[in-house]
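The values are calculated or read from the model by the stated rules, or taken from the named source; none is laboratory data. Every value quoted in this text rests on a predicted model; they were computed, and no experiment measured them. Note: ideal-geometry Cβ built from the backbone for every residue, glycine included; neighbour counts use all protein chains shown.
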Amino acid sequence: MDLQSMGKMLVLLALGLAIVGALFWVGGRMGLGSLPGNFKFEGENWSCYVPIMASIVISLLLTVVLNVIIRWFR
């Protein structure tokens, strides 16, 4: 693998990571972490957060977006 293609791959990876970070940032501001189907269990010295509803919402959004992108490039 030559340096030019490796550089392109690293730039695309960095852009993808930046987009995912922006989605998390916007999702946190929109209240995605406090949906009714998210469960939080707490004990005396521990806590466990299970974001079931947030995972379902993110999965549905990604499915729609990826289907639109795939159909757009056909």
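Condition (residue is in a helix (DSSP H, G or I) and surrounded by 10 or more Cβ atoms within 10 Å (Cβ to Cβ)) applied to region 34-44: is it met by at least one residue? Within region 34-44, one or more residues are in a helix (DSSP H, G or I) and surrounded by 10 or more Cβ atoms within 10 Å (Cβ to Cβ).
For region 1-31, the candidate set comprises residues that are within 23 Å of VAL57 (Cα to Cα) and not in a helix (DSSP H, G or I); within that set, the residue that is modelled with the highest pLDDT is MET30. Applying the criterion of being among the β-branched types (Val, Ile, Thr) and either within 20 Å of LEU66 (Cβ to Cβ) or not assigned by TED's automatic domain parsing to the domain that holds VAL65 (or both) to the residues of region 17-54, the residue that is farthest from the chain's Cα centre (by Cα) is VAL26. If you go through region 32-44 and keep only what is of a type outside the set (Gly, Ala, Ser) and within 20 Å of LEU62 (Cβ to Cβ), you end up with LEU32, LEU35, ASN38.
Consider region 53-74 and keep the residues that are surrounded by 11 or more Cβ atoms within 10 Å (Cβ to Cβ) and either in contact with a strand residue (DSSP E or B) (Cβ under 7 Å, 6 or more places away or on another chain) or of a type in the set (Lys, Arg) (or both). The one that is farthest from MET30 (Cα to Cα) is MET53.
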